Structures are given as structure tokens and as C-alpha cells.
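The values are calculated or read from the model by the stated rules, or taken from the named source; none is laboratory data. Here the structure is a predicted model, which means the values were calculated and not measured. When we count neighbours, we look across all protein chains shown, and the Cβ atoms used for this are built from the backbone with ideal geometry, even at glycine.
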Amino acid sequence: MKEGYVPQNQRKKILLMSDDIRLPSGVGNVGKDIVINTAHRYNWVNLGGAMRHPDKGKRFDVSIDTNKEAGIEDSSVLIYPTDGYGDPALLRNIISIEKPDAIFLITDPRYWVWLFQMENELRKKLPIIYLNIWDDYPAPAYNKSFYESCDALLGISKQTVNINKLVLGEDSQYKVIDYVPHGINTKYYFPLEKDNQQLVEFKKQLFGDRQIDFALLFNSRNIRRKSIPDTLLAWKYFIDKLPKEKADKCALILHTQPVDDHGTDLIAVKDYIFGLDYNNVIFSHNRIPVDILNLLYNSCDAQILLSSNEGWGLSLTEALLVGKPIIANVTGGMQDQMRFEDEDGNWFTPDADVPSNHTKHYTKHGKWAYPVFPSSRSLQGSPQTPYIWDDRCNPEDAAEQIMNVYLDEEREQKGLAGREWALGEAGFTAEVMGERVIKNVDKLFETWKPQPHFHLINANEFEPSVLNHKLLY
């Protein structure tokens, strides 16, 4: 019997509002792993979203499948598929039918504006838990009303936890706020021996007849903030420093859509920079099951991600669990995965004085990490998100780190050290993520009190939100 097991008829029921947990999206996978690793403690109902969901209007009981994954016999997990993330009428209907004890949200707050507008109605009966993330500073005061609408804020990155506290100010003392980073299912991501027959065959398919001695992987979406053209530039600068016979044995794998309206035409960028005859940039654009993705990570020597904004960077975590070094821009949640060390020798935790390490305040880091520090910081924005820093790194600096990985004779041992850390102190596993969720949700249930029917607000005492952390540090 699992530690902390509660019989089904005694469990609290939680309504998970996210992507459909059967779908292979990042949000869907995180939701699924949370459900599987807490199904012995809570009953779950998933209002599962998707674009033009083919199962909209249906109801599925996936308890038997959950039992197999969770190692229990009495889970209760239901899915109500919907287009998008639902609406007030659908939510009221689900609450009436299922009578949950809490609502659990995942993904960008802008998808939940309609729900936050209902918070006074909802929080009279049940608390709102938000597994949230934010890409960068300055601390977004424009999110304050969203954070105020929640009873528990579980920050995926250390930066997000700090942002939640900075934005809420004194009100943060009335919330459950804690660090709950992404966790990966270790059954699916792990190192393979080089002579593993599946791996050998996969590499033949990936590289063909070419002898590849060094392979670098990019695995993420083709969108602007991922800075994939800069990654191509960095690769060009790197191979130009090698003798031709060595450069010909290096390959860059881009597991992404080659052309996307939210990003660019990567084939055109590749052809322009390298010429039409260069075949060592390999595009992998089909969705692949997790066992094949594990083969892909194992086929490469390192993972690179140069995003100018990145809340977490899940491909870095997957690479760490496979035992591969990571090359990453020092921004957002990616810096968590590089384990920068503060002046006391502790894993760096942001505060108002040093909100982020993107200014290279700390330089000591985990041996598995090859950080690329931003060379510029630009304040960008949109009407919904008026200001956010865009941390751009220099492709030449990234090329230098690629070369450092290439020349490092200990890169395999360093990658495995990253895996040990991810499994240990960091706790970037699905099991530990489940434990952290349970700790905080139980704390919330123990302390939560229903909201009053109304609040009296003196509009004459309104104080606008102003910056409450350093801009230069």
C-alpha cells in the first residue's frame, strides 16, 4: 500500500482544469503525472481541453488505466473533454455533478481570465489551486488579480515563487506558496548502453550512412522566443572552427516543426547559412512516442535551448534524466536546472535583491551545465503583458559552449552527474512532484476557510502596484 494512502470513499475530490491528460502536450503530461502520483490520495476529475476536441461532450472513466500506472486498485479519475479550456456554464455544470472539494489549474493565466472573474462565487465553496509559471521579470503586477484569486500558488520555478510573493506583497502570507518544479516519469527517460540494439538501429535511421561523433539536440516548438535561428548560427560558428573532416562528423538535430507561423522557416534559414548541400542539420518533425523520444535523447551528446524567455524548459529536464549535459540561456526556469550556487554554497534562490541570475551574479554551477549568459536585456510587451524582459544571448557565446562540450572528455560523466542531481536534491521526478503537490494541497485543506459572501472595498484607498525589486543587480 502506498504511503499516505486514503480509501477512495474518504478522499477529497479535485477538479483538474488543464489539457486533456490523455494528450501528449506538455501541460497534459504534467497533469497526467500529477494525477497518477496522487491518485492514492485524491479522486480526480479532469476538465480536459484541446483545440476542437473530437470527444467534446463525452465523459470517460480512466480509473482502470490509472490503477495500472499508480499501482493501486481503487483510483477514481474521470475526464470531461472540452474545446479550449471550458467556460462558466460548463464549469458550473461540472461542479454541480461532481461536487469537487477544490479546483486545480495549470497553464498561462490568460486562459483562465473568465474563471478568475468567478473567484468570489467559487471560493465561497472550494479553494483554487494554481500550478503556475512566469517567464521573466520585472515582476508582473498585471498578474496580481490572478494571483489574488487563488488560495494556493505552486510555482514551477524558483523565479515564479519569488514573483508570486513580490506581486502579492503582504497578501502572500494568506496563501499557500511553494516550489513544485516539473517532474519527469523516470520509467520513460533513462540512459541506455551504447550497444543497446534499439539505440543502434535508431541511430542508423537518424544518421544514415554518416559517421557522427558528436550530435547536439534541440527539442522544442518553432516559436520566436525559442531563438532557433540563433541556435543555427551558433552551430555554424562552431563547425567553422573545426577541420572539415571533424566538422563532417558533427550533426545538429532539430526536433521541431521546420516551418511555423509562430516561428520561422527554419529550412530557409538553414539553406541560407549553410548552403543547400549541407546535410548535417537534421529535421525531425513528426510526433513520436515517449520510448522513441528517449532513443532520440540517447542518440545525442547534449541538449541545447537558447530561449530568450522560458518558464522552465522541459526538454532540459528530459535530457538531464537521460544523463546528457545541457547548454542553455540563463533565464527563467532554465537556471534552476543549472544549479547556480550562491555565496553560502546553496542552490540559488531568487529574492528582491537578486531576482534572477541572468546578470551573471553567480557563476558557479552544476558540472552538467554549460550556461550561456544573456548579452542583452530588452523590455518587451503587449497589451495583455505590458512589460517583460527579453533575455537574448549571443550566438558566438553559445558556439563557445558547444565547443566546450565537444572538447570535454568528461561530458558523459558530467551528464550522469546531472541525472543523479535531478533524481536527488532537485527532485525533478514525477514521484517527487506528486509528493510536493500532496504536501501543499493537504496544507491548504487543513487551513482553508471559505470566502465571505462579499467584501467591502474603499475605492479611495486604492494604491497602484509599483516595482518592488531591483532592476539593476
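Observations on the model:
- Hey, GLU343 under 22 Å from LEU192 (Cα atoms) and over 21 Å from the mean Cα position of the chain (by Cα) or not: no
- Qualifying residues in segment 218-255 (those that are part of a loop (DSSP other than H, G, I, E, B) and out of contact with any helix residue (DSSP H, G or I) (no Cβ under 7 Å at 6 or more places or on another chain)) - the one nearest to ASN294 (Cα to Cα): ARG221
- Meets criteria (modelled with pLDDT of 95 or more, more than 16 Å from ALA398 (Cβ to Cβ), outside the structural domain of ASN29 (by TED's automatic domain parsing) and among the hydrophobic types (A, V, I, L, M, F, W, C)) for LEU293: yes
- Only one of the numbered conditions (1) under 20 Å from ILE273 (Cα atoms); (2) outside the structural domain of GLU310 (by TED's automatic domain parsing) is violated by LYS246, and that is (2).
- Residue in segment 384-395 that is among the polar types (S, T, N, Q), surrounded by 17 or more Cβ atoms within 10 Å (Cβ to Cβ) and more than 26 Å from TYR137 (Cα to Cα) present: no
- Candidate set from segment 141-188 (those that are in a strand (DSSP E or B) and β-branched (Val, Ile, Thr)); member that is nearest to PRO450 (Cα to Cα): VAL176
- Meets criteria (surrounded by 18 or more Cβ atoms within 10 Å (Cβ to Cβ), touching a residue at least 40 places away in the same chain (Cβ under 8 Å) and out of contact with any Lys or Arg (no Cβ under 8 Å at 6 or more places or on another chain)) for PHE428: yes
- Total residues in segment 189-217, condition in contact (Cβ under 8 Å) with a residue 24 or more places away in the chain and not in a loop (DSSP other than H, G, I, E, B): 10
- Of the residues ASN67, ASN93, the single one that is in the same structural domain as ARG22 (by TED's automatic domain parsing), under 24 Å from VAL432 (Cα atoms), part of a helix (DSSP H, G or I) and not basic (Lys, Arg) is ASN67.
- Annotation note: of LYS367, LYS360, the sole residue that is assigned by TED's automatic domain parsing to the domain that holds LYS241, on the phi > 0 side of the Ramachandran plot and not aromatic (Phe, Trp, Tyr) is LYS360.
- Taken over segment 1-16, residues that are surrounded by fewer than 18 Cβ atoms within 10 Å (Cβ to Cβ) and outside any loop (DSSP other than H, G, I, E, B) amount to 5.
- Set ASP209, ASP213, ASP240: member being more than 16 Å from the chain's Cα centre (by Cα), modelled with pLDDT under 95 and assigned by TED's automatic domain parsing to the domain that holds TYR278: ASP209
- Qualifying position, being in contact (Cβ under 8 Å) with a residue 60 or more places away in the chain and in the same structural domain as ARG436 (by TED's automatic domain parsing), among GLU121, GLU98: GLU98
- Every residue from segment 31-70 that is surrounded by fewer than 16 Cβ atoms within 10 Å (Cβ to Cβ) and among the small types (Gly, Ala, Ser): GLY57
- Residue within segment 343-362 that is among the charged types (D, E, K, R), modelled with pLDDT of 95 or more and within 20 Å of ALA422 (Cα to Cα) present: no
- Hits in segment 17-33 - residues which are assigned to a loop (DSSP other than H, G, I, E, B) and either at pLDDT 95 or above or basic (Lys, Arg) (or both): ASP20, ILE21, ARG22
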